[in-house]
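Novice: Before I ask anything, here is the structure I am working with.
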Amino acid sequence: LDDRLPPEALAQQRTAIRDGHCGLLPEGQIGPMTRIQIARDRSMAQAALARLSPGQTVLLVAGNGHVRRDLGIPLHLGPLSGVRVLMAQAGSPAMPGAAQPDAVWPTPAVPARDHCAELQRQMGR
């Protein structure tokens, strides 16, 4: 699956996996976890494409990393799919330019959580 992303996107995906797990994953797990992310994105893209038909809209609801244009599902849909990305979140998306959604649907903020502290606690660190 490593060859399914351009080299720079693969490197970004590895960084996203590492950062998303607060730097707590052993380095040997970064590659396999990245491949799992790519496989999930490809699977969701294939499911959406399988349901695509003329005059119809396919709505796919997925998480933040999965909808990134530069790393996620849109990358696997191809240029002819007519994909549009709508992101529901509080505030503006903190994504690089190539990953930006077409539109942001503002939602109320939820209380901040320290996900890294929670993960450290779960891992007994």
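Each reported figure results from applying straightforward, stated rules to the coordinates on display, with no laboratory input. Computed from a predicted model, the values in this text were never measured in an experiment. Neighbour counts are summed over all protein chains in view; Cβ atoms, including those assigned to glycine, are modelled from backbone coordinates with ideal geometry.
Novice: Nearest 500 deg cm²/dmol is fine: what mean residue ellipticity at 222 nm does the chain get from its DSSP H runs of n ≥ 4 alone, each adding -39,500 (n - 2.57), divided by its residue count?
Specialist: -13000 deg cm²/dmol
Novice: Springs between alpha-carbon atoms under 10 Å, Gaussian network over the chain: tell me which of Arg113, Arg68, Arg84 tops the mean-square fluctuations.
Specialist: Answer for the Gaussian network model of the chain: Arg113.
Novice: Return Ile17, Ile36, Ile30 ranked ascending by Cβ neighbour count within 10 Å, so the fewest neighbours appear first.
Specialist: Listed from fewest to most nearby Cβ atoms, that is Ile36, Ile30, Ile17.
Novice: Show the residues, 5+ positions off or on another chain, whose built amide H is closer than 5 Å to the amide H of Val104.
Specialist: Hits under the 5 Å cutoff: Met87.
Novice: In the Gaussian network model of the chain, springs joining C-alpha atoms below 10 Å, which of Gly55, Gly63, Gly23 carries the largest mean-square fluctuation?
Specialist: The residue that fluctuates most here is Gly55.
Novice: With only Lys, Arg, Asp and Glu charged, each at its Cβ (+1 for the first two, -1 for the last two), find how big the charge dipole of the chain is about the Cα centre; round to the nearest 20 debye.
Specialist: Rounded to the nearest 20 debye, it is 240 debye.
Novice: May I pose another question? Work from the charge dipole of segment 2-122 (Cβ charges, +1 for Lys and Arg, -1 for Asp and Glu, about the Cα centre) and give the residue of Met44, Gly65, Ala112 farthest towards its positive end.
Specialist: In segment 2-122, that residue is Met44.
Novice: For the chain, take the longest principal axis of its alpha carbons; what is the angle in degrees between that and the long axis of helix 27-50, to the nearest 10 within 0 to 90?
Specialist: So the inclination is approximately 20 degrees.
Novice: If you don't mind, there's one more thing I want to ask. With only alpha-carbon atoms in the gyration tensor, what are the semi-axes of the equivalent ellipsoid for segment 2-122, in Å, largest first?
Specialist: 26, 20, 12
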